[in-house]
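One structure is given below, encoded as structure tokens.
Please treat every number below as a calculation from the coordinates, not as lab data. No experiment lies behind these values; they were computed from the predicted model shown. Cβ: placed from backbone, ideal geometry, glycine included. Neighbour counts: every protein chain shown.
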Amino acid sequence: MRVQHHLGALALFMTMGCASVHAQAGPVNPILPFNPSPSAHLSASATMQVLQDWLVIRLAVQKEGADAALVQRQLKTTLAAALTQAQSEAKQNDAKPGAMEVSTGQLNVSPRFNREGKTNGWMGTAELMVQGRDLDRITATAGRLNGLSVSQLEWQISPELLAQSEASVQGQAVAQWRAKASALTQQLGLTRYTISDVTLSTQGNGQSISPRAMPMVMMDPGPDARSAPLPLQAGQSQVTVVVSGHILLQ
């Protein structure tokens with residue numbers, strides 16, 4: 001009788017354990033419906049080569065001396081005169097918006113050391129930047145700024161052309177993404193798809209693919225060299241839009 005009693009208790013325990021396992025096999029959150037539709041993640045991209053239409057020229061002046069305050073005053077004097085002249089060129093009556101923009105860059109003064117590690121003077125640099133679409137006005141102005149020399153030249157594409165190019169490339173990328181979604185639906189023998197989510201990303205900001213930078217000119221090359229025209233040749237920038245997202249196949 002005692003053995004039968006233990007066997008009965010064991011059978012009852014196993015029955016309860018099985019019921020517990022079956023209860024846990026259900027959905028953890030019954031509020032979320034189970035979606036039997038297959039899904040897929042797709043990506044597509046489109047790229048456009050855009051001819052650069054925005055020229056950026058950096059000009060610099062460098063001064064040296066035994067007194068830091070004197071070097072700084074010399075830099076400020078030269079930079080102020082050049083800024084006034086460049087702004088006057090940019091504000092001429094025939095100048096269109098975006099033809100030429102003028103801004104100042106860095107201005108710094110740092111100590112110069114001898115072999116023993118002691119300060120034996122000061123050296124400073126100041127920058128002025130002219131940029132825009134009017135190549136003739138920009139290069140002519142850069143050549144007329146007394147005391148400054150070209151330190152860097154770079155091509156870009158203008159903000160307006162960049163936005164226009166991105167919109168065109170985005171349309172191509174979206175069309176390719178939808179074509180991929182339709183092809184996959186047909187290949188799987190299904191009838192249609194619905195879009196779950198889509199994200200867009202842009203690669204490239206109008207900078208040169210291979211920026212061409214001119215080395216820093218350490219000394220004033222003289223009026224003859226400044227007035228000589230700069231050799232210019234615009235390159236191309238690459239603008240890419242990537243479309244990615246999930247689809248539900250039905």
Within segment 158-194, trypsin sites (Lys or Arg not before Pro) in DSSP loop having at most 14 other beta-carbon neighbours inside 10 Å: R192
Sum of side-chain charges, W122 neighbourhood, beta-carbon under 9 Å (Lys, Arg +1; Asp, Glu -1): 0
D_trans [Stokes-Einstein, Kirkwood Rh over alpha-carbon pairs] for segment 113-196, 4 °C, 1.567 mPa s, µm² s⁻¹: 67 µm²/s
Relative packing of peptides 64-71, 143-150 - highest average C-beta neighbours within 10 Å first: 143-150, 64-71
Fraction in percent of alpha-carbon pairs per bin - 5 Å, segment 54-156: 2, 13, 23, 19, 14, 10, 8, 5, 3, 1, 1, 0
In order through segment 120-129: 3J(HN,Hα) via Karplus (6.51 cos²θ - 1.76 cosθ + 1.60), integer Hz, x for Gly, Pro: 10, x, 9, 9, x, 9, 10, 10, 9, 10
